[in-house]
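Student: One structure, pasted below without further comment.
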Amino acid sequence: VERLKSGTGTSELSDAWAAGRAAATAGLEMLGDVLPRLVLVYTSVRYDLTELLAGIRSVTGETPSAGMTSSGHFAGNGVTGPGQGVAVLVLGGGEYRFGVASAQGMLAEPEAVGASLARRAKAAAHRPGESAGPAHAAMLLFTNGIGGDQQAVITGIHRVFGASVPVVGGAAADDRKMLRTSVFCNGEVLNDAAVGIWIGSPRPLSVASAHGWMPVGLPLLITKSEGAVIHEIDGRPAVEVFNDPDQAIYSLGVIEPDGGHLLRAVVLTPNGSVIAFTPIPAFSAVQVMAADPGMLMAVVDGVVAKSLSYGDESVLLAFDCVGRMDTFGDDYPDEIYRMMKMAPETCCFGCYTYGEFARAKGVSGVHNATLTALAL
Amino acid sequence: VTAGAVGSQGPGGADGAAADEIRAVRAQLQLATQAAQQAYRDSSRLIRLLAVIGEPAAPDVLIDRTLGALSEVFYADLTCLVYSDGDSCKIITARGFGEREVPRLPVLPGAADLLNQNRLAAWLCPDGDPVPEAAGVPIRSAAHIPLVEATPAGEGLLLLRSDRTRFSPGELQMLQSVAARLRATLEEGERREAIERLARTGHQLTRHLEIEPLLGEALRLLRDMTGAEAASAVTVEHGLASLRVEVAARSDVPGVWPVPTRELLAWPSALRGESFVLDDMHTAPPNSLARVPTWVRNLACVPVLQDGTPIALLYVGHSRPGFFSRSTIEAAAVLAGYVGAALVNARLYSALVESESQLRLLTDELRRRATHDPLTGLANRDLARQLLDTSLASDDARLVGLLFCDLDKFKAINDRLGHEAGDDLLCQVAARLQSCVRPGDLLARLGGDEFLIVLPKVIDLEEVTKIGHRVLATLAEPFHLGEERVQVAASIGGVVGERGAGRHQAVDLLRDADAAMYAAKNRGRARVEVFDRFTAQKAVDYLSLREDMLTALDRDELEVHYQPIVDLLDERVIGFEALLRWNHHDLGSVSPAVFIPMAEETGAITEIGGWVLTEACRQLAEWHREFEAPLSIAVNVSPIQLLDPAFAEKCLRTIEEAGLRTGQVWLEVTESVEVTDQLTEQLCQLRDLGVRVAMDDFGMSYSNLGYLKHLPVERLKIDRTFVAGLVQAPDCSVRAGLIPSQDGRQRSAPRSGIGMDRGIVRAILAIAESAGMSVVAEGIETEEQRRVLLDLGCRQGQGYLFARPMTASAACCLLAEADRLLVEAAEHAVGR
């Protein structure tokens, strides 16, 4: 398989247009003579986003592009914290095929949004006159990060593509402000929307994910919940399960069919209710989870190794949770440096999100406090 | 002390023994935790699946949801509903194949018949064998669970995994119970759906008076209801059966008709009045194959009976074995009952044509059937209307009365106890109502649970009311339905019609009585509500205005007006309150007191409220661009809007899209709003984002300080009635009764003295100050009121004294004028 070529650029200029243009110019320069075929953008919400995208497109032109707002990002060999700048990845060459599409209305009809962007992203990659496209595929997905059922978007994609197309990506973030996130599609800034990039491939693609958290104590059953609010666990007020009054954010692990845990971050509000970042249905079996930086760091090697299953991949697209960043504290870049060290021949490009996507088995694919990745 | 720490002190001795013990306990604990994990996970899965199955849904949606949940909780990449008949296995519906792929099943090495047999089985790909593939997914593990066990053919769940993880006996057991529950729910759903469809369409059969078209229509309904691919109808006379009609039979076997009934396979069942089903023709005795097309695998027959004897047989066929469920055939048997009744009608008609002598008898019978309700024997709508028309046309000094009765919650009883019990109840109700009517009155059933009483000679509305109450009283005793005792009430609407010149039409009376009945229902059921001509007209007008309200926004009839909120000291405009106006295309301006409740009732307020906020924000942004004054906008929010969980998000989006800062927008909620968690949450969310909340009409209703504690209120608006009461009003009526207010709403003024109103205003200002809230006084009309308010310490207000609500352009002029005065004053100051 011919290797994919990539170029990355970042900028922290204060003017939105100038920052976008600078990051994209650096990315294109690194790509050299290769024709760009896909542009990915992660940015802080500090910018006027329309201006920023116009700055990028002033150099990348009509090349299909997608992206989202984030809470920090990493590109090439640098890590940028929340609230600072923009990162651009330009891809060209190689044997992959890309199709970009977006759909709006995530709050009202998330499953229809997923189905619609799946169909249209694939159609966008179709070459006229061609009967059969690439044999394998994956879907890169960026969704609105606040409000809207992200799992339903993935369910919609699954309905259209079926089990053979894995999904990877993340929910947009906003430098931890929790006010408003955006996704980008071909120069447009969208809210209440999701963007999908269909990736056609000559060989099977697989997504990797891991969190490193370990269960503490016995399993519990969520006995009463309404949407994101968890009222009771094991028949007791949910808040009683969490015993450290100073800690605001906890993780619950939903016990999976294979005995593993699907991470769900929860916050305790001052009025005693417990709110999950991603809704957990009533009667889910859960365990309280705990982690320290060492445990979180320990999963990085595995995620990288699983992603680089062929050994000749040139780009590693990673999605890391802002919650992990918090646990690492000031040393958070170490995790990314570790990733870069484990994949020395590969360009690492990723960002910090409000929810990480990795759908490989079954229908569910939304994770919290997790690291997910796909290598091309 | 951790096991590791103890162990590090070295093996042997007492420490070593303790360490071993701790290690052993730890190991046991880990095993126990694992066991608990598994037990919790399994109950969680089962509850999850049963919850999905228990949620009401159409059968195809139910299956789809179940397949999705199975995929999730069992890590199955592909999940399907399949049909296995011993020779083959076909996918009926599936998840995980994607929409382009035609779902195809793989051949599982070493288990060729695992899928084809309708039995419980699990499979694991043998080591070293090539891994089969389906929909681009390698298949390494599978489980097949029949929905009904111990039948050679039938539907089943098929779960396929890409992981080489065997389905454990525990998992299979769980899947079996899920399959059984799914089957039961599907059957119940299918039965209900078929019966409902039948109830909607079955009666259409009776309009046919000739046998062939009647049977044709019956077969069409039957196919629609059962999903059959072919259907035919055979009639029976003098021991011979004749094929009368067939639909889509694609017959490929010669059939000779008529045949003696004893040759029909279904005949013995028909004689017993029972349906007959052959699940698979391939396993049926050879003599059953005569006259049945070879492609038909599943055959079913329901008899049409007259007085217990079969007079016709309805057949349905399908190419898939086991296609017709028991519940579908039960519904088909109900249809056969309708066909029986209609056939009798049709035969009567044929006989009528044949026999002159029976003409009158049969005509009467037909007329009776045409004018009476078949269930209760009461008059039907047509007959009631005829009587109304004749009564209104006759010359009599008295009036014509009409009562419209609708049983309350009849549907619930019908759903709970079944249709037969429902029919029984209607007959019992009819009998009791009959006891309420006088000679000359007419009781009719309009259909469903609606009854009508025509009173051709009444003195006045009071007489009608009296009979209405008599009806209520007669229904008060419980009804006996089998073992059950049920309580039924009715909502009753009554009207009277005038005869002679300018007389009522029957259609008007029916419409007005219906409106009165709805008024009774709205006021709490089990009531009698009577309308005179004026009230009836008002009710009808109200309904038509309500209809118009729904399209007012589309017709561009709504407009936002703005009333300035000013600094009471210098009359400087600090903001505006946005007020909605409706210019009706025929009626002109409609009062908000009339149309706002309508918009709330119909739910139109959600869209309209959103529109007002958008308009107001856009307008404010425009003023910000043109004028320097730091203005804010206040927008009223209806309690109905707050029920929308996305309200806060929508608000925020509107404000941002207009380019405003959230702090420039005030949302005004009224005190009458019930404080729910959801409401508090929405408002707190908005407040956290910077949007500001004001309490409108403060002091008027609940006057509950707890209110202020729960809601994130930053401003109180003193109701106009208190402002009006601050000084002696020139017109004393204002003090005593209804106050026509500036915004067109009317409200009752409390009977209080000046001192009391001042006291209240002072108290409100004190509350506001202690809670750090601002205060705006509403409805300031006189200079004296302004002065008193300033004396009491109130700094902001609105009212006619300063400005009436005005159009956006008028408000613009006002702002321009203020700007001009400001510049002049500045120049003047500089000049001096």
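The values are calculated or read from the model by the stated rules, or taken from the named source; none is laboratory data. Bear in mind the structure is a predicted one, so any value in this text is a computation, not a measurement. Every residue, glycine among them, receives a Cβ derived from its backbone with ideal geometry; neighbour counts consider all protein chains shown. Just the protein is used for accessible areas: all its heavy atoms, side chains included, with ligands, DNA and RNA removed. Shrake-Rupley method; radii C 1.70, N 1.55, O 1.52, S 1.80 Å.
Student: Got a sec? Charge dipole of chain A, +1 on Cβ for Lys and Arg, -1 for Asp and Glu; which of A:Tyr352, A:Met214, A:Leu268 is way out at the positive end?
Tutor: Sorting the options by dipole projection puts first A:Tyr352.
Student: Going by average Cβ density within 10 Å per residue, which order do the peptides A:128-134, B:47-53 take, highest to lowest?
Tutor: B:47-53, A:128-134
Student: Let me ask something else. Note down the nm distance, to one decimal, between modelled labels 7 Å out along Cα→Cβ at B:Ser394 and at A:Gln84.
Tutor: Going from the B:Ser394 label point to the A:Gln84 one covers 9.7 nm.
Student: For chain B, what are the DSSP H helices with axial Cα length of 20 Å or more and mean Kyte-Doolittle hydropathy of at least -1.0? Walk me through the numbers before you get to the answer.
Tutor: Working: long enough: B:13-54 (61 Å, 0.05); B:59-73 (21 Å, 0.51); B:169-201 (48 Å, -0.64); B:211-226 (22 Å, 0.31); B:326-354 (41 Å, 0.89); B:419-434 (22 Å, -0.13); B:461-475 (22 Å, 0.38); B:506-522 (24 Å, 0.05); B:533-551 (28 Å, -0.34); B:604-626 (33 Å, -0.22); B:754-770 (24 Å, 0.92); B:808-831 (34 Å, 0.84).
Those that pass (Cα extent of 20 Å or more, hydropathy at least -1.0) are B:13-54, B:59-73, B:169-201, B:211-226, B:326-354, B:419-434, B:461-475, B:506-522, B:533-551, B:604-626, B:754-770, B:808-831.
Student: Note down the magnitude of the dipole of the range B:407-458 about its Cα centre, charges +1 on Lys and Arg C-beta and -1 on Asp and Glu C-beta and zero elsewhere, to the nearest 20 debye.
Tutor: Working: 7 positive and 8 negative charges, 53 e Å.
That gives the range B:407-458 a dipole magnitude of about 260 debye.
Student: Here's a follow-up. Between B:Arg820 and B:Arg625, what's the calculated FRET efficiency when r is the beta-carbon distance and R0 is 22 Å? Round to 0.05.
Tutor: Values: r = 18 Å, r/R0 = 0.80.
Approximately 0.80, to the nearest 0.05.
Student: Is the shape of chain B rounded, prolate or oblate, going by the alpha carbon gyration tensor and its root eigenvalues a ≥ b ≥ c, with a/c under 1.5 for rounded and a/b larger than b/c for prolate?
Tutor: Working: a/c = 2.64, a/b = 1.28, b/c = 2.05.
It comes out oblate by the Cα gyration axes.
Student: Given R₀ = 35 Å, FRET efficiency for B:Ala14-B:Ala36 by Cβ-Cβ distance, to 0.05? Show your work: numbers first, answer last.
Tutor: Working: r = 32 Å, r/R0 = 0.93.
Approximately 0.60, to the nearest 0.05.
Student: Considering only C-alpha atoms, what is the centroid distance from the range B:579-613 to the range B:391-440, in Å?
Tutor: Taking the Cα centre of each part, the range B:579-613 and the range B:391-440 sit 38 Å apart.
Student: Still on this structure, I have one more. Once you average over the residues of A:161-173, how many Cβ atoms of partner chains fall within 10 Å of each Cβ?
Tutor: Details: counts 8, 15, 15, 13, 4, 0, 0, 0, 0, 0, 0, 0, 0.
Mean partner-chain Cβ count within 10 Å for A:161-173: 4.
Student: Can you give the charge dipole size of the range A:1-98 about its Cα centre, rounded to the nearest 20 debye, using +1 on the beta carbon of Lys and Arg and -1 on the beta carbon of Asp and Glu? Don't skip to the answer; put the middle values down first.
Tutor: Working: 7 positive and 9 negative charges, 38 e Å.
That gives the range A:1-98 a dipole magnitude of about 180 debye.
Student: Something else about it: Are there residues in the range B:131-146 whose accessible area shrinks by at least 10 Å² when all protein chains are included rather than the chain by itself, and which are they (probe 1.4 Å, ligands and nucleic acids not counted)?
Tutor: B:Ala135, B:Gly136, B:Val137
Student: 222 nm [θ] for the protein assembly as shown, helices only, -39500 (n - 2.57) per DSSP H run of 4+, per residue, to 500?
Tutor: Numbers: 33 runs with 460 residues, N = 1208.
So the calculated ellipticity at 222 nm is -12500 deg cm²/dmol.
Student: Give me the percent of the accessible area of the protein assembly as shown that comes from carbon and sulfur atoms, probe 1.4 Å, all protein chains in place. Could you put the intermediate results ahead of the total?
Tutor: On the way: 28090 of 53410 Å².
The nonpolar share, carbon plus sulfur, comes to 53 percent.
Student: Continuing with the same structure: How big a patch of accessible area, both sides summed and in Å² to the nearest 100, lies buried between A and B at a 1.4 Å probe?
Tutor: On the way: alone 14810 and 41530 Å², together 53410 Å².
Accessible area lost upon association: around 2900 Å².
Student: What is the range B:13-147's relative contact order, in percent, from Cα pairs under 8 angstrom and six or more apart in sequence? Spell out each step's value before the answer.
Tutor: Details: 144 pairs, mean separation 19.7, N = 135.
So the answer I get is 15 percent.
Student: Over chain B, what relative contact order in percent results from Cα pairs under 8 Å that are six or more residues apart? If you can, show how the numbers build up before the last one.
Tutor: Values: 1402 pairs, mean separation 47.7, N = 832.
It rounds to 6 percent for chain B.
Student: Could you work out the mean count of beta carbons from other protein chains within 10 Å of each residue's beta carbon in B:38-47? Before the final figure, lay out each step's value.
Tutor: Values: counts 4, 2, 11, 11, 3, 3, 11, 5, 1, 6.
For peptide B:38-47, the averaged partner shielding equals 6.
Student: Can you classify the protein assembly as shown as rounded, prolate or oblate using the Cα gyration tensor, where a ≥ b ≥ c are the square roots of its eigenvalues, rounded means a/c under 1.5, and otherwise it's prolate if a/b beats b/c and oblate if not? Don't jump to the answer; show the numbers that get you there.
Tutor: On the way: a/c = 2.03, a/b = 1.07, b/c = 1.89.
It comes out oblate by the Cα gyration axes.
Student: Something else about it: I need to check one value: relative contact order of the range B:70-132, counting alpha carbon pairs closer than 8 Å and at least 6 residues apart, in percent.
Tutor: Values: 75 pairs, mean separation 17.8, N = 63.
Contact order relative to length: 28 percent.
Student: Still on this structure: Checking buried surface per residue: for the range A:250-295, which residues lose a minimum of 50 Å² accessible area in the protein assembly relative to the chain alone (1.4 Å probe)?
Tutor: A:Pro257, A:Phe283
Student: Also, I was wondering about something else. Measuring from a point 7 Å past the Cα of B:Arg470 along Cα-to-C-beta, which residues in the range B:437-452 have an amide N at less than 14 Å?
Tutor: Residues B:437-443 fall inside that zone.
Student: With the crude spin-label approximation of a point 7 Å out along Cα→Cβ, what separation in nm comes out for B:Thr93 versus A:Ala108?
Tutor: So the two model labels end up 2.5 nm from each other.
Student: Another question, then. Assuming 0.36 nm per residue, please report the length gained on full extension of the stretch B:Arg207 to B:Glu274 beyond their Cα-Cα distance.
Tutor: 21.5 nm
Student: Now, a different point. Test of understanding: in a Gaussian network model of chain A with alpha carbons linked when under 10 Å, which of A:Val241, A:Val274, A:Val167 would top the mean-square fluctuation ranking?
Tutor: Result for chain A, Cα springs under 10 Å: A:Val241 fluctuates most.
Student: Using a ≥ b ≥ c from the Cα gyration tensor of the range A:5-154 (square roots of the eigenvalues), is it rounded, prolate or oblate, where a/c under 1.5 gives rounded and otherwise the larger of a/b and b/c decides, a/b for prolate?
Tutor: On the way: a/c = 2.08, a/b = 1.19, b/c = 1.75.
Judged from the Cα gyration tensor, the range A:5-154 comes out oblate (a/c at least 1.5, b/c at or above a/b).
Student: What is the Cα centroid distance between the range A:196-249 and the range A:35-94, reported in whole angstrom?
Tutor: A separation of 30 Å, based on Cα centres.
Student: Say the dipole of chain B comes from +1 at the beta carbon of Lys and Arg and -1 at that of Asp and Glu; which of B:Ala808, B:Leu708, B:Pro59 then lies farthest toward its positive end?
Tutor: Checking the options against the dipole of chain B, the answer is B:Pro59.
Student: Taking R0 as 56 Å, what's the FRET efficiency between A:Ala298 and A:Ala123 from their Cβ-Cβ distance, rounded to 0.05?
Tutor: Details: r = 42 Å, r/R0 = 0.75.
Between A:Ala298 and A:Ala123 the formula returns 0.85.
Student: Are any of the pairs A:Lys122/A:Lys361; A:Lys5/A:Lys341; B:Lys411/B:Lys538; B:Lys409/B:Lys538; B:Lys466/B:Lys521 more than 24 Å apart by Cα-Cα distance, and if so, which?
Tutor: Numbers: A:Lys122/A:Lys361 21 Å; A:Lys5/A:Lys341 19 Å; B:Lys411/B:Lys538 30 Å; B:Lys409/B:Lys538 27 Å; B:Lys466/B:Lys521 18 Å.
Exceeds cut-off: B:Lys411/B:Lys538; B:Lys409/B:Lys538.
Student: Solvent-accessible area per residue for chain A at a 1.4 Å probe radius, Å²?
Tutor: Here the per-residue accessible area is 36 Å².
Student: To the nearest 20 Debye, how big is the dipole of the protein assembly as shown about its Cα centre, given +1 on the beta carbon of each Lys and Arg and -1 on that of each Asp and Glu?
Tutor: Working: 111 positive and 153 negative charges, 323 e Å.
Taking the Cα centre of the protein assembly as shown as origin, the dipole is about 1560 debye.
Student: Per-residue mean of other chain beta-carbon atoms within 10 angstrom of the beta-carbon, peptide B:90-100? Mind showing how you got there, number by number?
Tutor: Values: counts 0, 0, 0, 0, 1, 7, 8, 5, 10, 7, 5.
Across B:90-100, the average partner-chain Cβ count within 10 Å equals 4.
Student: Could you check the simple spin-label distance between B:Glu55 and B:Glu420, using points 7 Å along Cα→Cβ, in nm with one decimal?
Tutor: Reported label-point gap for B:Glu55 and B:Glu420 is 3.5 nm.
Student: For the full complex of protein chains and a 1.4 angstrom probe, list A:Met214, A:Met106 by accessible area with the highest value first.
Tutor: Details: A:Met214 110, A:Met106 0 Å².
Output order, biggest surface exposure first: A:Met214, A:Met106.
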